[in-house]
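Notes follow the structure.
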Amino acid sequence: ERLVEGVFMINNESQEMYLETILKIQMRKGSVRAIEVAEELGYSKPSVSRAVGIMKNNGFIVVHPDGNIELTATGRAKAENILDRHNSLTKALVRIGLSAEAAEDNACRVEHVLTEEAFEAIKKYFND
């Protein structure tokens, strides 16, 4: 995260990680709280709180009075896209010989920097 004109910003990769994590927790548990996001990502509660505020202002999430975090339609679409990238890249990397753990780790790094064109070419190549 960085400070721009007095406002904390989070880079696209970081925001995508948060959105993907919120979606994964929501799929597992049904509801999501900031502390769960912090625990899952290994981030401090204050860092997650700042990111939650930014994502809320960007229209990706809604935070309910009880503290539950919900993805908006826009946030959910973005999170599902990232999760699809992650899953497809993990499968592709396993198919070329990486262990499941190494494939998961590398997919997590690559999913945020690939262009849509490159990602679609990988999906097409592996018929995923």
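The values are calculated or read from the model by the stated rules, or taken from the named source; none is laboratory data. Since the model is a prediction, treat every value here as computed from it, not as a measurement. All Cβ positions, glycine included, derive from the backbone under ideal geometry; neighbour counts span all protein chains shown. Keep in mind that these areas ignore ligands, DNA and RNA; they rest on the heavy atoms of the full protein, side chains included. Shrake-Rupley method; radii C 1.70, N 1.55, O 1.52, S 1.80 Å.
Go through the residues of the stretch 57-79 one by one and say whether even a single one is under 23 Å from K124 (Cα atoms) and in contact (Cβ under 8 Å) with a residue 40 or more places away in the chain. Looking through the stretch 57-79, at least one residue is under 23 Å from K124 (Cα atoms) and in contact (Cβ under 8 Å) with a residue 40 or more places away in the chain. The set of residues in the stretch 47-60 being within 15 Å of the chain's Cα centre (by Cα) and closer than 29 Å to A103 by Cα consists of V48, A51, V52, M55, F60.
Here A103 meets each of (1) open to solvent by less than 20 Å² (accessible area, probe 1.4 Å); (2) under 14 Å from the mean Cα position of the chain (by Cα) with one exception, condition (2). Here I54 fulfils each of the conditions (1) farther than 30 Å from N127 by Cα; (2) buried (at least 17 other Cβ atoms within 10 Å of the Cβ); (3) modelled with pLDDT of 95 or more apart from (3). Close Cβ contacts (under 6 Å, 6 or more residues apart or on different chains) running from residues in the stretch 10-23 that are buried (at least 21 other Cβ atoms within 10 Å of the Cβ) to residues that are of a type in the set (S, T, Y) and in a helix (DSSP H, G or I) are absent.
Determine whether the stretch 81-100 contains at least one residue that is in contact (Cβ under 8 Å) with a residue 40 or more places away in the chain and charged (D, E, K, R). Among the residues of the stretch 81-100, not one is in contact (Cβ under 8 Å) with a residue 40 or more places away in the chain and charged (D, E, K, R), which makes the answer no. Of the residues making up the stretch 57-76, those that are of a type in the set (G, A, S) and open to solvent by 80 Å² or more (accessible area, probe 1.4 Å) number 1.
The condition (being at pLDDT below 95, buried (at least 16 other Cβ atoms within 10 Å of the Cβ) and over 14 Å from the mean Cα position of the chain (by Cα)) is satisfied by just one residue among S31, S88, S44: S88.
Assess whether E117 counts as being open to solvent by 70 Å² or more (accessible area, probe 1.4 Å), in a helix (DSSP H, G or I), more than 21 Å from Q15 (Cβ to Cβ) and out of contact with any Asp or Glu (no Cβ under 6 Å at 6 or more places or on another chain). In short, yes.
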